[in-house]
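Engineer: Dropping a structure here in structure tokens format, bear with me for questions.
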Amino acid sequence: MATKSLKARSSELAQTQKQLEFLDGGPFATGELPRFEAQIRKCGMGPLRPKKLEILQINLGYMCNQVCAHCHVDAGPDRKEIMTRETMEECLEVIRTTGAHTLDLTGGAPEMNPDFRWFVSQASEAGIQDFIVRSNLTIIRANKKYYDLPEFFAKHNVHVVSSMPHYTRGKTDRQRGSGVFDKSIEALQELNRVGYGMPGSSLKLDLVYNPSGAFLPGDQASMEQDFKKALKADFGIEFHNLFAITNLPISRFLEYLIASENYEDYMTALVDAFNPEAVHNVMCTNTLSVGWDGQLYDCDFNQMLGLGVNSPIRHISDFHETRLQDRDIVISQHCYGCTAGSGSSCQGTVA
Ligand code: SF4
Ligand code: SF4
């Protein structure tokens, strides 16, 4: 498993243009597989257009205490891109005025941003209905200064959404690094201790599953039952929902697909599982993604590919909801990851 980001390894794939060229080439260049744009046009669903803005997803930076094999952000301890307080203030202006009901903070490990706690306390006063922080769990046990995060989250009524690729040590550590499983279990127990994830508790704790190889996730509802049973029996852990997410063929997961010679098979599996029903609810239709530097994207994946919004409004400082909603969503072959089977979004399946 890599211990550095693609960027720190000066990998060719650290350049988003190279990833896009790859996604445009191979079976999509020869016509063996239909391009995503043609596929949705054939179903009468292109171009994709935003519906009402419901979720504002803000990336606080690419720094992370982990270097997971599948990471679509190419995050790691060596990534220094981090949102400044000035950009956070611009985000707060928008949070206070937008009609979006959900705020979703992500990274990297968003908690590693030095202004994370300030930002959370400011944002939690803005009256947002659902305030999500995507926590990788291990950060809670990484250093004493993070030990009180469960209490901090509870104080601000934050909805914690955490990656947990499996309820066994082997599968989790293979994907996320040695020792990650044990630390994640400790963190979940700490979150339970303050009330997170307990039956009937308003402190919401959801887990995210993503496959550990070149295959699509199984049925979300039955996996949730398996996770609940195993984590309760083995560690006394409770949580609310499990979101099953498909790995998109970008960044380090793309690197893995290429290195393991699984790329073509994986793309074929995604195309074969194309589900027009999922297209109606892909997350770019109700979400806007804000990069660490304030640039705007249709979704987190487009952010990581450097595909900015197709709009004159391109930065959070120029935010204008109505004008911004009048745009075509930027798509490429990675979008097949959102429309395969039951579909996939940061909130799990969509169809
Ligand atoms: S997947 Fe999440 S926890 Fe893992 S390196 Fe990427 S941002 Fe960090
Ligand atoms: S990758 Fe982004 S732009 Fe493409 S379908 Fe998914 S959410 Fe929409």
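The values are calculated or read from the model by the stated rules, or taken from the named source; none is laboratory data. Just so it is clear, the model here is predicted, and its values are computed rather than measured. So basically every Cβ, Gly included, is an ideal-geometry build from the backbone, and we count neighbours across all protein chains shown. We work out accessible area using only protein heavy atoms, side chains counted, and drop any ligands, DNA or RNA first. Shrake-Rupley method; radii C 1.70, N 1.55, O 1.52, S 1.80 Å.
Engineer: Can you tell which of Val160, Ser178, Ala142 lies farthest toward the positive end of the dipole of segment 99-186, using +1 and -1 charges on the Cβ of basic and acidic side chains (Lys, Arg; Asp, Glu)?
Structural biologist: The Cα lying farthest towards the positive end belongs to Ser178.
Engineer: Run the simple label-point estimate for Arg169 and Gln225 please: 7 Å along Cα→C-beta, distance reported in nm.
Structural biologist: Simple spin-label model gives 2.9 nm for this pair.
Engineer: Same structure again: Using the structure shown, list the pairs from Lys4/Lys145; Lys80/Lys171; Lys4/Lys144; Lys7/Lys155; Lys145/Lys204 with a Cα-Cα distance above 26 Å, or answer none.
Structural biologist: The answer is Lys80/Lys171; Lys7/Lys155.
Engineer: Let me ask something else. Can you work out the base-10 log of I(q)/I(0) for segment 145-202 at q = 0.20 1/Å, using the Debye formula on its C-alpha atoms alone?
Structural biologist: The calculated log intensity ratios at q = 0.20 Å⁻¹ are -0.78.
Engineer: Tell me the relative contact order for segment 206-351 as a rounded percent, counting alpha carbon contacts under 8 Å between residues six or more apart. Don't skip to the answer; put the middle values down first.
Structural biologist: Working: 208 pairs, mean separation 40.7, N = 146.
Reported relative contact order: 28 percent.
Engineer: Which values of log₁₀ I(q)/I(0), to two decimal places, follow from the Debye formula for segment 239-351 at q = 0.11, 0.12, 0.16, 0.17 Å⁻¹ with a uniform point scatterer at every Cα?
Structural biologist: Debye intensities relative to I(0), on a log10 scale: -0.39, -0.46, -0.79, -0.87.
Engineer: Still on this structure, please answer the following. With contacts defined as alpha carbon pairs under 8 Å and 6 or more residues apart, what's the relative contact order of segment 263-345 in percent?
Structural biologist: 38
Engineer: Based solely on its DSSP helices, what 222 nm [θ] is calculated for the chain when runs of n ≥ 4 H residues each add -39,500 (n - 2.57) and the sum is averaged over all residues, nearest 500 deg cm²/dmol?
Structural biologist: -10000 deg cm²/dmol
Engineer: Two decimals is fine: what's Rg over Rh for the chain, C-alpha atoms, Kirkwood radius as Rh?
Structural biologist: Ratio of gyration radius to Kirkwood radius for the chain: 0.94.
Engineer: Per 0.36 nm of contour for each residue apart, how much would the distance between Asp272 and Asp148 grow if the chain were fully extended, relative to their Cα-Cα spacing? Intermediate results must be reported in sequence, preceding the final value.
Structural biologist: Working: separation 124, 0.36 × 124 = 44.64 nm, distance 4.59 nm.
Separation in residues times 0.36 nm, less the Cα-Cα distance, equals 40.0 nm.
Engineer: Something else now. Only Lys, Arg, Asp and Glu count, each charged at its Cβ (+1, +1, -1, -1), so figure out the dipole size of segment 241-351 about its Cα centre, rounded to 20 debye.
Structural biologist: 240
Engineer: How big is the convex hull of the Cα atoms of segment 51-164, per residue, in Å³?
Structural biologist: Spread over its residues, the Cα hull of segment 51-164 gives 109 Å³ apiece.
Engineer: Further, regarding this structure: Could I have the simple spin-label model distance between Ser124 and Ala259, label points 7 Å from Cα toward Cβ, reported in nm to one decimal?
Structural biologist: 3.9
Engineer: Two-decimal Rg/Rh of segment 19-65 from alpha-carbon positions, Kirkwood Rh?
Structural biologist: 1.16
Engineer: Nearest 5 is fine: what % of DSSP beta bridges in the chain come out antiparallel, could you say?
Structural biologist: 20
Engineer: Hey, got a sec? Which trypsin sites (Lys or Arg not before Pro) in segment 13-85 land in a DSSP loop and have at most 15 other Cβ atoms within 10 Å?
Structural biologist: Hits after loop and neighbour filter: Lys51, Lys52, Lys80.
Engineer: Here's something else I'd like to know. Which value, in debye to the nearest 20, gives the size of the charge dipole of the chain about its Cα centre, when Lys and Arg are +1 and Asp and Glu are -1 at the Cβ?
Structural biologist: Details: 34 positive and 43 negative charges, 109 e Å.
My answer is approximately 520 debye.
Engineer: Here's a follow-up. Report Rg (one decimal) and Dmax (nearest whole number) for segment 213-261, counting Cα atoms only, units Å.
Structural biologist: Gyration radius and largest Cα-Cα distance of segment 213-261: 14.4, 40 Å.
Engineer: Find how many whole Å separate the alpha carbon centroid of segment 328-351 from the alpha carbon centroid of segment 100-132.
Structural biologist: 24
Engineer: Something else: Can you give me the relative contact order of the chain as a percent, contacts being Cα pairs under 8 Å and 6 or more apart?
Structural biologist: 22
Engineer: Using a 1.4 Å probe, what is the accessible area per residue for segment 1-115, in Å²?
Structural biologist: Ligands and nucleic acids excluded, the figure is 45 Å² per residue.
Engineer: In Å, what Rg and Dmax follow from the Cα atoms of segment 109-245?
Structural biologist: 14.7, 42
Engineer: While we're looking at this one, here's another question. Rolling a 1.4 angstrom probe over the protein chains, ignoring ligands and nucleic acids, what is the accessible area of Glu37 in square angstrom, nearest 10?
Structural biologist: For Glu37, the solvent-accessible surface is approximately 100 Å².
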